[in-house]
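Participant: I'd like to ask you about the structure that follows.
The values are calculated or read from the model by the stated rules, or taken from the named source; none is laboratory data. Computed from a prediction, not measured in an experiment: that's the story for all the values here. Using ideal geometry, Cβ is built from the backbone for each residue, glycine included, and neighbour counts are taken over all protein chains shown.
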Amino acid sequence: MTGFQPPRWLRGRHAQTVWGSLFRLPVRLPLRHERWELPDGDFIDIEVVQGASVESPVVVVCHGLEGSAKAGYVRGLLYQLSVRGLGAIAVNFRGCSGEPNRLPRFYHSGDTGDLGFVIDRLIADRPERAIALAGFSLGGNVVAKYLGERGDEVPRQVRAGAVVSVPFDLAMCAGALDGGGLMARVYRGRFLRRLRAKVAAKARAHPTVPAAAANAARTFRDFDHGVTAPLHGFQSAEDYWAKSSAGPFLPSVRRPLLIVAAEDDPFVPAEALPRAAAKANPNLTLEVSREGGHVAFVHGPPWAPRRHAEQRVAQFLADALR
């Protein structure tokens, strides 16, 4: 177990998760917005933190499901990286920057192609600059899967990674969110409302997008089976989950990878945590706390709360990039 301890005023998986998501002070950062054209005719929007030397190492940060580069946890990590003298960019996955992407497809948990494109472009711009990767939840799955599926073929410039609250077993995590209980229904309803609205907007430009399946979805399994799978070339929700989960790729990770997780994560069951992989692969550093919720890990007093995971990730990557 790690040294993280929640404060007395914020105990419990749902208190940490909800408070950590909804209540945080705004972080002001000098950001430059860029649009990068993708080889398939689509685009992704990037936020670049200004101020670091062009020779400084750079960290690529990936957000979670229906998040964006504006998410509080992303901005919090960008700040922690900047005060440590590191460059940083935040990637908006396709359709997550506030403007619909061009193609019928979206982003998904196992799509590492766009992250690979970002890394290759950074290397082409400055071949000797060191790079690290960071991701939260779905974005953490993308980062871990990228490092594992490429293994020894990861570019030499990529030195390390760090991920927080990752759904390493997508089937198990979908089952947790599709389960009974008030809070599971709250979380599920919040995500599905956003996803259904996005699919409806997409269908107006692309009539082949399965808007009816999205509207009918009442579980993550419904949505992934009726929308995610057909849009991205999978046979079913189960096929998508099996091929996109980062867990099976962890034995092949060949860069230092920090994994921050909580046993009480309401989205990621404790059984989904990669304990066996971490014991077998010395490149993996698994730090599990008993409490912390999902992408939360809030500590300190209520008038000046701190975020353990963001600070830990930033320090781990700063040490790896020295």
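Participant: Residues being part of a helix (DSSP H, G or I) and within 18 Å of GLY110 (Cβ to Cβ): count how many of those fall in segment 189-233. Full working, then the answer.
Facilitator: If we filter segment 189-233 for residues that are part of a helix (DSSP H, G or I), which is where we start, we get 189-205, 211-216, 220-231.
Next, from what is left, pick out any that are within 18 Å of GLY110 (Cβ to Cβ): 191, 195, 220-221, 223-231.
Within segment 189-233, residues that are part of a helix (DSSP H, G or I) and within 18 Å of GLY110 (Cβ to Cβ) number 13.
Participant: Please enumerate the residues belonging to segment 33-50 that are of a type in the set (D, E, K, R) and in a strand (DSSP E or B).
Facilitator: GLU34, ARG35, GLU37, ASP45, GLU47
Participant: Which residue, of ALA217, ALA203, is in contact with a helix residue (DSSP H, G or I) (Cβ under 7 Å, 6 or more places away or on another chain) and modelled with pLDDT under 95?
Facilitator: Result of the check over ALA217, ALA203: ALA203.
Participant: Same structure again: So, of the residues in segment 132-153 that are outside any helix (DSSP H, G or I) and in contact with a helix residue (DSSP H, G or I) (Cβ under 6 Å, 6 or more places away or on another chain), which turns out to be farthest from PHE93 (Cα to Cα)? It would help to see each step written out before you state the result.
Facilitator: Kept after step one, since they are outside any helix (DSSP H, G or I), are these residues of segment 132-153: 132-137.
Still in the list and also in contact with a helix residue (DSSP H, G or I) (Cβ under 6 Å, 6 or more places away or on another chain): 132-136.
Working: ALA132: 18, LEU133: 15, ALA134: 14, GLY135: 12, PHE136: 13 Å.
For segment 132-153, the residue satisfying everything is ALA132.
Participant: Residue under question is GLY20, and the condition is that it be assigned by TED's automatic domain parsing to the domain that holds VAL142 and not in a loop (DSSP other than H, G, I, E, B); does it hold?
Facilitator: Numbers: assigned by TED's automatic domain parsing to the domain that holds VAL142: yes; not in a loop (DSSP other than H, G, I, E, B): yes.
So GLY20 passes the test.
Conditions (1) crowded, with 21+ Cβ neighbours inside 10 Å; (2) under 26 Å from ALA184 (Cα atoms), marked per residue:
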site	(1), (2)
ARG11	no, yes
PHE23	no, yes
PRO26	no, no
GLU47	yes, no
GLY51	no, no
VAL60	yes, no
LEU77	yes, no
PHE93	yes, yes
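Participant: Out of all the residues in segment 51-72, is one or more touching a residue at least 12 places away in the same chain (Cβ under 8 Å) and in a helix (DSSP H, G or I)?
Facilitator: yes
Participant: Something else now. Under 6 Å by Cβ, and 6 or more places apart or on different chains, what pairs join a residue from segment 227-243 that is over 16 Å from ALA213 (Cβ atoms) with one that is surrounded by fewer than 20 Cβ atoms within 10 Å (Cβ to Cβ)?
Facilitator: Cβ pairs passing all conditions: TRP241/ALA171.
Participant: Go through (1) aromatic (Phe, Trp, Tyr); (2) touching a strand residue (DSSP E or B) at 6+ places or on another chain (Cβ under 9 Å); (3) in a helix (DSSP H, G or I) one by one and return the number of the condition PHE168 breaks.
Facilitator: Just one mismatch for PHE168, condition (3).
Participant: While we're here: Looking only at segment 142-178, count how many residues are over 24 Å from PHE297 (Cα atoms), buried (at least 24 other Cβ atoms within 10 Å of the Cβ) and touching a Lys or Arg at 6+ places or on another chain (Cβ under 7 Å).
Facilitator: The number of residues fulfilling the criteria is 1.
Residue by residue, here is whether (1) buried (at least 21 other Cβ atoms within 10 Å of the Cβ); (2) modelled with pLDDT of 95 or more holds:
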{"position": "VAL253", "(1), (2)": "yes, yes"}
{"position": "ASP265", "(1), (2)": "yes, yes"}
{"position": "GLU271", "(1), (2)": "no, yes"}
{"position": "VAL295", "(1), (2)": "yes, yes"}
{"position": "PRO301", "(1), (2)": "no, no"}
{"position": "ALA304", "(1), (2)": "no, no"}
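Participant: Residues ALA160, ALA184: which one is in contact with a helix residue (DSSP H, G or I) (Cβ under 9 Å, 6 or more places away or on another chain), among the small types (Gly, Ala, Ser) and not assigned by TED's automatic domain parsing to the domain that holds PHE316?
Facilitator: ALA184
Participant: Another question, then. Quick one: which residue in GLU291, GLU287 is surrounded by 18 or more Cβ atoms within 10 Å (Cβ to Cβ) and either of a type in the set (Val, Ile, Thr) or closer than 18 Å to ALA144 by Cα (or both)? Reasoning before the result, please.
Facilitator: Numbers: GLU291 fails: either of a type in the set (Val, Ile, Thr) or closer than 18 Å to ALA144 by Cα (or both).
Checking each option against the conditions leaves just GLU287.
Participant: Give PRO301, PRO305 a once-over and let me know the one that is in contact with a helix residue (DSSP H, G or I) (Cβ under 9 Å, 6 or more places away or on another chain) and either in contact (Cβ under 8 Å) with a residue 24 or more places away in the chain or of a type in the set (A, V, I, L, M) (or both).
Facilitator: Exactly one of PRO301, PRO305 is in contact with a helix residue (DSSP H, G or I) (Cβ under 9 Å, 6 or more places away or on another chain) and either in contact (Cβ under 8 Å) with a residue 24 or more places away in the chain or of a type in the set (A, V, I, L, M) (or both), namely PRO305.
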